[in-house]
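The values are calculated or read from the model by the stated rules, or taken from the named source; none is laboratory data. All values derive from a computational prediction rather than experimental measurement. Don't worry about glycine lacking a Cβ; one is built from the backbone with ideal geometry, like all the others, and counts go over all protein chains shown. Accessible surface is based on the protein model in full, side chains and every heavy atom, while ligands, DNA and RNA are left aside. Shrake-Rupley method; radii C 1.70, N 1.55, O 1.52, S 1.80 Å.
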Amino acid sequence: MKSTWRTLWQQQDIVVYRDEVEVDRFPAARIECVHLVYRGAGDSPGDIGMSVVELDDGYALFEAQTGFAGRVNFERHDFWRAKKCVYWVASAVAALPWRLRLGAWPATGPGRAFRRLESAELAGCIANWTLEGPETWEDRKKRRLEDRRPFGFASRQRA
C-alpha cells in the first residue's frame with residue numbers, strides 16, 4: 001500500500017505526517033533557508049520536485065508528495081517575505097549525493113519522501129548550487145509577468 005504524506009502548519013510549527021501519523025515537527029523559527037528545486041522553468045507549483053530546508057541543526061528534505069512546497073510554502077506569505085529565506089534552484093544544477101537523488105532507489109521511494117540529514121551531508125553540495133532569490137512565490141510570479149511585458153526585462157535592469 002502506498003504511503004500518504006502531508007506537511008502543514010500548526011501554530012508556529014511545521015508538522016510532517018505519514019499515513020496520518022506525525023513523524024516530525026519543528027518550529028518554523030528554526031528554518032534558516034529553503035531551497036525549492038524545480039524542473040522546467042519553475043513557473044508553476046507542479047514544477048517543484050523537492051524542497052531542501054536548512055534548519056539550525058541540519059537539513060530536512062521534502063519530496064513533492066509531502067506537500068511542503070504547496071501547503072507550507074504557499075501559506076503564510078508574510079512569514080516567508082519577512083524571513084527572506086526562500087531560494088529557487090534549477091534541478092539541473094541541484095546535485096545531491098547519489099543516495100539522495102530522486103529515483104535512485106525506487107524500492108525506498110515512497111517511504112523516503114521526507115528525510116532529516118546532518119549538515120555535513122549536504123552543505124558542500126548546496127554551496128555549489130546556483131541560487132535564484134531570495135524570492136517568495138508571489139515575488140517570482142510578479143517578476144515573471146514583468147519579464148513577459150514588452151521591454152519589461154530591460155526596464156528592470158536599469159533600475
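Restricting the first residue to the range 116-127 and requiring it to be within 14 Å of residue 100 (Cα to Cα), which pairs with a second residue that is in a loop (DSSP other than H, G, I, E, B) meet a Cβ separation below 7 Å and a spacing of at least six or different chains? Short answer, once both residue conditions are applied: 121/97; 125/95; 125/96; 125/97. Taking the condition out of contact with any helix residue (DSSP H, G or I) (no Cβ under 8 Å at 6 or more places or on another chain) and at pLDDT below 95, does residue 44 pass? Criteria met by residue 44. Scanning the range 1-28 for residues that are over 14 Å from residue 60 (Cβ atoms) and small (Gly, Ala, Ser) yields a single hit, 3.
Residue pairs whose Cβ atoms lie under 9 Å apart, sitting 6 or more positions apart in sequence or on different chains, and linking a residue in the range 58-76 that is of a type in the set (Ser, Thr, Tyr) to a partner that is in a strand (DSSP E or B) and open to solvent by less than 10 Å² (accessible area, probe 1.4 Å), are 59/52; 59/53; 66/7; 66/16; 66/51.
Taken together, 94, 29, 41 contain a single residue that is of a type outside the set (S, T, N, Q), over 19 Å from residue 139 (Cα atoms) and either assigned to a helix (DSSP H, G or I) or open to solvent by 50 Å² or more (accessible area, probe 1.4 Å) (or both), which is 29. When the range 1-26 is filtered for residues that are open to solvent by 80 Å² or more (accessible area, probe 1.4 Å), farther than 26 Å from residue 135 by Cα and assigned to a strand (DSSP E or B), the ones remaining, listed by number, are 18, 21, 22.
Looking only at the range 100-124, residues that are open to solvent by less than 90 Å² (accessible area, probe 1.4 Å), modelled with pLDDT of 80 or more and of a type in the set (A, V, I, L, M) come to 4 in all. Scanning the range 44-85 for residues that are in a loop (DSSP other than H, G, I, E, B) and over 11 Å from the mean Cα position of the chain (by Cα) returns 44, 56, 57, 75, 76, 84.
Going residue by residue through the range 74-84, is there one that turns out to be open to solvent by 30 Å² or more (accessible area, probe 1.4 Å), out of contact with any strand residue (DSSP E or B) (no Cβ under 8 Å at 6 or more places or on another chain), at pLDDT 90 or above and not basic (Lys, Arg)? Checked the range 74-84: at least one residue is open to solvent by 30 Å² or more (accessible area, probe 1.4 Å), out of contact with any strand residue (DSSP E or B) (no Cβ under 8 Å at 6 or more places or on another chain), at pLDDT 90 or above and not basic (Lys, Arg).
The one condition from (1) farther than 16 Å from residue 115 by Cα; (2) under 15 Å from the mean Cα position of the chain (by Cα) that residue 12 does not meet is (2). Restricting the search to the range 125-146, which residues are open to solvent by 50 Å² or more (accessible area, probe 1.4 Å) and at pLDDT below 90? Matches in the range 125-146: 138, 139, 141, 142, 143, 145, 146.
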